[in-house]
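Notes follow the structure.
The values are calculated or read from the model by the stated rules, or taken from the named source; none is laboratory data. Quantities reported herein were computed from a predicted structural model and do not represent experimental measurements. All Cβ positions, even for glycine, are placed from backbone atoms using ideal geometry, and neighbour counts span all protein chains on display. These accessible areas exclude ligands, DNA and RNA; they are computed on the full protein's heavy atoms, side chains included. Shrake-Rupley method; radii C 1.70, N 1.55, O 1.52, S 1.80 Å.
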Amino acid sequence: MMKKPFKGEYNPHYDQYIALVPHEDILEALRAELISTAAFFRAVPQAKENFAYATNKWTIKQVLQHIVDTERIFMYRALCFARGEEQELPGYDENKYAAALLLDNVSLGNIVEEYESVRKSTILFLEHLDDSLYSATGIANKSQVTVQALAAITAGHELHHIQVIQERYF
């Protein structure tokens, strides 16, 4: 079982995300989110796909693409650390990534499919790791972090954005 990380396994900035994860088993949380998140975004009316609740805020499509991009980045970091990478990995500017998105001809449904593919890949990757590698550590964005912390942050990050959508977009 991949458990929630202890404080000290990650930058305290991520406490807010990890606190949102209701499962003690992070793999269980990721599996549950695969179903619930896909259903949540599939239920968004087409008229709301490009809606942003304020100027300079992301649209619902951009939020989901941000979730996908961030999961890819966090799991790349997890892969590196599980394989013994010793070099520090860079951070990324989420706003620059969002500004570079070209989603006019991409439906929310297409992004949901991409999300499902990425999440399935994440789950398979983590399931195939030896339990001893959950505590593998590296430095990303100037902070030390473990593989299991990256998995938990991924789960909580997604929940955070869904909460924001529920509170501000509908």
Suppose the filter is closer than 26 Å to Phe125 by Cβ and either in contact (Cβ under 8 Å) with a residue 40 or more places away in the chain or of a type in the set (Asp, Glu) (or both); does Gln46 pass it? no
Any idea which of (1) touching a helix residue (DSSP H, G or I) at 6+ places or on another chain (Cβ under 6 Å); (2) open to solvent by 70 Å² or more (accessible area, probe 1.4 Å) is the one Tyr14 doesn't satisfy? (2)
Pairs please, first residue from segment 1-30 and free of Cβ contacts under 8 Å to residues at least 60 places away in the same chain, second anywhere and in a loop (DSSP other than H, G, I, E, B) and open to solvent by 30 Å² or more (accessible area, probe 1.4 Å), Cβ atoms under 7 Å, 6+ apart in sequence or on different chains. Glu24/Lys4; Asp25/Met1
Is at least one residue of segment 53-72 over 12 Å from the mean Cα position of the chain (by Cα), open to solvent by 50 Å² or more (accessible area, probe 1.4 Å) and of a type in the set (Gly, Ala, Ser)? no
So Ala99 ticks every box in (1) farther than 24 Å from Asn11 by Cα; (2) touching a helix residue (DSSP H, G or I) at 6+ places or on another chain (Cβ under 9 Å) but one. Which box is left unticked? (2)
Here the residues within segment 126-166 that are open to solvent by less than 20 Å² (accessible area, probe 1.4 Å) and part of a loop (DSSP other than H, G, I, E, B) are Leu129, Ala136
Please work out if Ala32 is under 15 Å from Lys120 (Cβ atoms) and surrounded by fewer than 17 Cβ atoms within 10 Å (Cβ to Cβ). yes
Hey, Ala47 hits all of (1) in contact with a Phe, Trp or Tyr (Cβ under 9 Å, 6 or more places away or on another chain); (2) small (Gly, Ala, Ser); (3) in a helix (DSSP H, G or I) but one; which does it fall short on? (1)
Of the residues that sit in segment 87-125 and are closer than 15 Å to Glu33 by Cα and charged (D, E, K, R), which one is surrounded by the most Cβ atoms within 10 Å (Cβ to Cβ)? Arg119
